[in-house]
C-alpha cells in the first residue's frame, strides 16, 4: 500500500511540474507601471530560430547603467576603483515552452521590463540545459542598450537568436508585436 501511495505522489508531482512550468512567459508579464515609483516600461519579443528541442531554459540578463535619481555607485573593492555603472541586475526567464506564438521557424516570446527611469543594457543571453545527468550553461555577451522613461512604454524590438548559427540580432517587428501584445494584454500599448 505504501509503494502505491509513493508512486501516486511522484506521478502527481511530475504532472504538476509539467503543467505549471509550461506556461508562456507573457503569463507573468507586468501590465501596469507604478505611478508612485515613477516606473516606465520597455516591451519587446525574444525569438529562437532553428530551435530543435524545447529543453533548454533561456535567460536575458540586464542591468541599469545610468539613473535619473542619485544612487550609490557600485564599487569594485578588489582594485578599489569606482566604476561607471549602477549595479542593478535583472533577468527574464524563458522556460521550456514553445513561446507565445510561432512564426516560420521561430518560437517567439513576448516580454516586458518595468523599472525605474534610467538607461539599461542587456549584457548577455544565457542558455541553461539540465538533462538530469548533465548540466551546462552557455553565456553569450551582447550589448543592447535601452532607456526607460517614467510613465511611458517604449518598444525594444525582437531579439532574434538563431540557435544553429549562434547569431543574435535585433529586428524591428513593431507592427506584429503591437498586435500580439494587444491580444495578450490590451493595457500595453506602444
| request: Go through 88, 98, 185, 130 for me and flag whichever is at pLDDT below 90 and within 14 Å of residue 62 (Cβ to Cβ). | output: 88
| task | Would you mind stating whether residue 139 is under 15 Å from residue 56 (Cβ atoms), touching a residue at least 12 places away in the same chain (Cβ under 8 Å) and in contact with a strand residue (DSSP E or B) (Cβ under 7 Å, 6 or more places away or on another chain)? | result | yes
| task | Tell me, please, whether a residue that is at positive phi, assigned to a loop (DSSP other than H, G, I, E, B) and in contact (Cβ under 8 Å) with a residue 40 or more places away in the chain can be found in the stretch 84-99. | result | yes
| task | Name, by its number, the condition in (1) in contact (Cβ under 8 Å) with a residue 40 or more places away in the chain; (2) more than 21 Å from residue 51 (Cα to Cα) that does not hold for residue 161. | result | (2)
| query | Out of all the residues in the stretch 173-190, which are part of a helix (DSSP H, G or I) and touching a helix residue (DSSP H, G or I) at 6+ places or on another chain (Cβ under 7 Å)? | reply | 184
| Pairs, please: C-beta under 8 Å, at least 6 apart or cross-chain, first residue on the phi > 0 side of the Ramachandran plot and modelled with pLDDT under 90 and in the stretch 46-65, second surrounded by fewer than 21 Cβ atoms within 10 Å (Cβ to Cβ) and part of a loop (DSSP other than H, G, I, E, B)? | 50/105; 50/163; 50/164; 50/165
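The values are calculated or read from the model by the stated rules, or taken from the named source; none is laboratory data. What you see is a predicted model, and the numbers here were worked out from it, not measured in a lab. Cβ sites come from the backbone with ideal geometry, for glycine too, and all protein chains shown count toward neighbours.
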